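All remarks here apply to the structure that follows.
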Amino acid sequence: MEKEKICTGKREDQFHAIHKVPAADGPYSRAKHAQLVEKDPEAAIIWFWKAINARDRVDSALKDMAVVMKQVDRTEEAIEAVKSFRTLCSKQAQDSLDNVLIDLYKKCGKVDEQIELLKRKLRLIYQGEAFNGKPTRTARSHGKKFQVSVKQETARLLGNLGWAYMKKSNYMAAEVVYKKAQMVDPDANKACNLGLCLIKQARYEEARLILQRVLQGDSDSKGVLDAFFLGKALAEALTERIESTVGEFFSTVGRLQAEQQKQVQDFQEEVLERAKKAKERAAREAMEAQGLVYKSTDGVVPGSSPDSPPRTTLSPSSDAAETGVDSPTNTGYQAQGQPVLEASNDV
């Protein structure tokens with residue numbers, strides 16, 4: 001039973017795919033057959049090239065070939081193809097080719113080119129040249145066609161521009177663009193992106209209010225899902241902020257402990273130095289009390305340099321004793337101040 005359902009589903013898909021293939025037998029028709037029925041993207045790209053060269057539905061061939069190239073990760077080649085051959089396409093196809101280029105730039109990370117093209121498309125809208133002067137245009141999403149108004153297109157382009165600024169970490173510009181997009185055509189997706197932009201700027205309370213408004217006003221499943229991801233991002237940002245604050249706190253505590261330890265070490269060294277000087281001063285005072293050094297208010301012997309060692313004062317008797325010379329003894333008349341008579345050799 002299950003196999004029958006699978007086979008039936010495959011036949012239905014193939015039936016719908018065949019009906020999307022043009023009835024003609026040109027290269028563009030063969031390219032679409034290879035893309036949709038045979039599911040062979042490389043063969044489809046070859047046939048799309050042939051269609052472009054043969055000028056067989058060039059508008060659709062170039063756009064469809066770029067889409068297929070994007071699917072097989074040949075994005076750079078698709079960009080060059082669109083830029084090189086878009087002059088062969090009609091004026092009506094240029095807007096669709098711009099949208100294809102925006103997707104290709106986004107896929108390969110060319111954010112600057114994406115921003116420039118989005119700004120150019122917005123200028124065309126403000127100048128009244130969008131949709132070739134028509135109020136709406138036909139768009140396609142997941143195989144379904146629908147009408148898009150100028151207001152909706154403006155909000156969509158602003159949303160893409162805001163996301164491109166987010167990729168460049170230019171959160172202030174992204175905030176301005178998202179707020180403008182919400183003024184034009186508000187929806188939950190752009191609101192949540194605005195909340196994410198505020199989170200990146202550490203404005204958590206504003207982001208929380210946006211999340212709350214989305215949950216209160218949008219019951220659509222996609223809006224709730226966007227709100228869930230915004231809430232998750234907000235929680236992660238707050239957790240990261242708390243961890244960062246705790247890390248800074250412990251870093252500050254460690255720095256203060258190191259400074260305190262250094263202050264204690266400096267104090268201990270100062271106490272030891274003072275104790276050493278006090279000990280030296282006490283020893284010098286003891287020597288002064290014993291008369292071994294001159295007494296001085298500053299502890300320095302007069303006539304000597306402060307760096308010279310203490311010098312002891314010796315008495316004359318001690319000088320003689322040290323030199324080993326007998327000092328003359330004053331007796332008799334010499335003691336009275338009279339000269340001493342020398343002995344004569346005369347008889």
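Charge tally for VAL72 (other residues, Cβ to Cβ under 14 Å; Lys, Arg +1; Asp, Glu -1): -2. With θ taken as phi - 60° and the Karplus curve 6.51 cos²θ - 1.76 cosθ + 1.60 applied, the whole-hertz 3J(HN,Hα) list for segment 203-210 is 9, 6, 5, 5, 5, 5, 5, 5 Hz, x standing for glycine and proline. In this simple spin-label model, placing a label point 7 Å from the Cα along the Cα-to-Cβ direction at both GLN216 and PHE146 gives a separation of 2.7 nm. The calculated FRET efficiency for the pair LEU256 and ALA202, based on their C-beta separation and a Förster distance of 30 Å, comes to about 0.70. The share of Cα pairs per 5 Å bin across segment 21-170, counted from zero up to the longest distance, runs 2, 9, 17, 20, 21, 15, 10, 5, 1, 0, 0 percent. Between THR136 and any residue 5 or more places off or on another chain, the built amide H atoms are never under 5 Å apart.
The simple spin-label model puts a point 7 Å past each Cα toward its Cβ; for MET172 and LYS39 those points are separated by 5.2 nm. Packing order of peptides 259-272, 149-162, highest average first: 149-162, 259-272 (average count of other Cβ atoms within 10 Å over each peptide's residues). Cβ under 12 Å from ALA130's Cβ, ALA130 left aside: what net charge do those residues give with Lys, Arg +1 and Asp, Glu -1? Residues near ALA130 contribute +3 overall.
Cα centroids of segment 185-212 and segment 99-172: 21 Å apart. Sorted on the mean count of surrounding Cβ atoms within 10 Å across their residues, most packed first, peptides 59-66, 163-170 read 59-66, 163-170.
A short reminder: the numbers here are calculations on the coordinates, not readings from a lab. It should be emphasised that the depicted structure is a prediction, and the values quoted were computed from it without experimental measurement. Using ideal geometry, Cβ is built from the backbone for each residue, glycine included, and neighbour counts are taken over all protein chains shown.
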